[in-house]
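Peer 1: Before I ask anything, let me first share the structure, which is written out below as C-alpha cells.
The values are calculated or read from the model by the stated rules, or taken from the named source; none is laboratory data. Everything numeric here is computed off the predicted structure, so don't read it as measured data. Note that we place each Cβ from the backbone using ideal geometry, even for glycine, and neighbour counts take in every protein chain shown.
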Amino acid sequence: MAERRNDPQVYPLSQSYNHSTDFNVKRDEESAFRKQDEIRRNYNASLNVTRMKVLFSLTVMKVKTPKFRVRSITFDHFEVRTAPNPSFNFIASVEVGVKNKNFGTYKFQDSKMYFSYDGMPIGEAFVPDGKAGWLSTKKLKNLATVLLSNNLPTNSQLGNDLNSGVLKLNAQSQLSGKVTLTFMFKRKKSTNLNCNITIGLADKAVREIDCN
C-alpha cells in the first residue's frame, strides 16, 4: 500500500504595500493641482489688470469736450421802439458756464462772444481766461455787453418781431484750451457755444436759453 504523502501547501507571498510609492503619487497630484491653481490665479489677475487698463483708458484717460453754455442774462438798460423806426438798445450782464467732465483740469484762453439778430451782428462780450476743475463747472459772471440794432437794415423783420412782443437773438463763441490728465498728460481741446435766446419784451427779461 502506497504511503500517502502530505505535501506542504505552498502559499504565494503577499505583495507588501508600498507606502512610499503611494505618497509620491499623491504628492505629484497635489503639486500638479497647485500649479494649475497658480496658473488660473495668474490668468485671472492678468485678466483683471487688462480690464482695469481698458476701463482706465475709456474713462479717466478719455478726453471729453467741455460744454460751453450761456447760463443767464440780465438787463441793466432795456429800451425798445416800434415806430417810426423799430430799434432796441440793451445793456446786459451775461453769465456763462464751462462744464468740465474730465478727470483733470481744463484751462482755457480768453475769447469773445458774438451776439446776432437774424444772422446780423448786434454786439459782443469779452470772455476772460480761466480754469475748470475736475468734474466741475466754471462760472463766468458779469460779462458786460451792449446790444444795439443800429446796424440792422431798415427792411429787416425787426418791426414785426418787436410788435409780436418776442425778440430772438443768437450768441456764439469758442474757447481753446488744454485738459491736463493725472497732472501730466495734456490734450488740446476746443469747445463751442451756440445759444438761441428768447427775450420777452413786456417783462423785459429772458424767457428761454436753448444751447446746442
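Peer 1: For Asn142, indicate whether it is among the polar types (S, T, N, Q), on the phi > 0 side of the Ramachandran plot and assigned to a strand (DSSP E or B). It would help to see each step written out before you state the result.
Peer 2: Values: among the polar types (S, T, N, Q): yes; on the phi > 0 side of the Ramachandran plot: yes; assigned to a strand (DSSP E or B): yes.
Here the answer is yes, as Asn142 does meet what is asked.
Peer 1: State whether the residues of the stretch 155-175 include one that is assigned by TED's automatic domain parsing to the domain that holds Gly123, more than 30 Å from Val80 (Cα to Cα) and crowded, with 18+ Cβ neighbours inside 10 Å. Walk me through how you get there before you give the answer.
Peer 2: Step one: list which residues in the stretch 155-175 are assigned by TED's automatic domain parsing to the domain that holds Gly123, which gives 155-175.
The next check asks that each one be more than 30 Å from Val80 (Cα to Cα); those that pass are 175.
Those left that are additionally crowded, with 18+ Cβ neighbours inside 10 Å: 175.
Looking for residues that are assigned by TED's automatic domain parsing to the domain that holds Gly123, more than 30 Å from Val80 (Cα to Cα) and crowded, with 18+ Cβ neighbours inside 10 Å, one finds at least one in the stretch 155-175, hence yes.
Peer 1: Now for a different question. Taking the stated definitions as given, is Phe126 in contact with a Lys or Arg (Cβ under 7 Å, 6 or more places away or on another chain) and either closer than 13 Å to Leu193 by Cα or not β-branched (Val, Ile, Thr) (or both)?
Peer 2: Numbers: in contact with a Lys or Arg (Cβ under 7 Å, 6 or more places away or on another chain): yes; either closer than 13 Å to Leu193 by Cα or not β-branched (Val, Ile, Thr) (or both): yes.
In short, yes.
Peer 1: Additional query: Among the residues of the stretch 183-212, count how many are closer than 19 Å to Thr65 by Cβ and within 19 Å of the chain's Cα centre (by Cα).
Peer 2: Summing the residues that are closer than 19 Å to Thr65 by Cβ and within 19 Å of the chain's Cα centre (by Cα) in the stretch 183-212 gives 12.
Peer 1: Another one. Given the criterion modelled with pLDDT under 95 and surrounded by 13 or more Cβ atoms within 10 Å (Cβ to Cβ), identify the matching residue among Thr82, Thr65. Steps first, please.
Peer 2: Details: Thr65 fails: modelled with pLDDT under 95.
Going through Thr82, Thr65 in turn, just one is modelled with pLDDT under 95 and surrounded by 13 or more Cβ atoms within 10 Å (Cβ to Cβ): Thr82.
Peer 1: Does Asn142 satisfy the condition of being modelled with pLDDT of 95 or more and more than 22 Å from Lys168 (Cα to Cα)? First the steps, then the outcome.
Peer 2: Working: modelled with pLDDT of 95 or more: yes; more than 22 Å from Lys168 (Cα to Cα): no.
Answer is no for this residue.
Peer 1: Of all residues in the stretch 145-175, count the ones that are modelled with pLDDT under 95 and either of a type in the set (Gly, Ala, Ser) or within 35 Å of the chain's Cα centre (by Cα) (or both).
Peer 2: 2
Peer 1: While we're on this one: Of all residues in the stretch 160-181, count the ones that are β-branched (Val, Ile, Thr) and within 23 Å of Lys101 (Cα to Cα).
Peer 2: Taking the stretch 160-181 as the starting set, the residues that turn out to be β-branched (Val, Ile, Thr) are 166, 179-180.
Keeping just the survivors that are within 23 Å of Lys101 (Cα to Cα) gives 179-180.
Going through the stretch 160-181 one residue at a time, the tally reaches 2.
Peer 1: In the stretch 184-212, what residues are touching a strand residue (DSSP E or B) at 6+ places or on another chain (Cβ under 8 Å) and outside any strand (DSSP E or B)?
Peer 2: Leu201, Lys204, Asn212
Peer 1: What about Ala132, is it buried (at least 16 other Cβ atoms within 10 Å of the Cβ) and in the same structural domain as Glu79 (by TED's automatic domain parsing)? Full working, then the answer.
Peer 2: Values: buried (at least 16 other Cβ atoms within 10 Å of the Cβ): yes; in the same structural domain as Glu79 (by TED's automatic domain parsing): yes.
Judged against the criteria, Ala132 is a match.
Peer 1: Can you name every residue in the stretch 188-200 that is touching a residue at least 40 places away in the same chain (Cβ under 8 Å), surrounded by fewer than 18 Cβ atoms within 10 Å (Cβ to Cβ) and closer than 22 Å to Val166 by Cα?
Peer 2: Within the stretch 188-200, no residue meets the criteria.
Peer 1: Residues of the stretch 77-93 being in a loop (DSSP other than H, G, I, E, B) and of a type outside the set (Ser, Thr, Tyr), which ones? I'd like the intermediate steps shown before the answer.
Peer 2: At the first step, the residues of the stretch 77-93 found to be in a loop (DSSP other than H, G, I, E, B) are 82-86.
Passing the criteria: Ala83, Pro84, Asn85, Pro86.
Peer 1: Name the residues in the stretch 177-187 that are surrounded by 13 or more Cβ atoms within 10 Å (Cβ to Cβ) and either within 18 Å of Asp161 (Cβ to Cβ) or not charged (D, E, K, R) (or both), would you?
Peer 2: Of everything in the stretch 177-187, those that are surrounded by 13 or more Cβ atoms within 10 Å (Cβ to Cβ) and either within 18 Å of Asp161 (Cβ to Cβ) or not charged (D, E, K, R) (or both) turn out to be Gly177, Val179, Thr180, Leu181.
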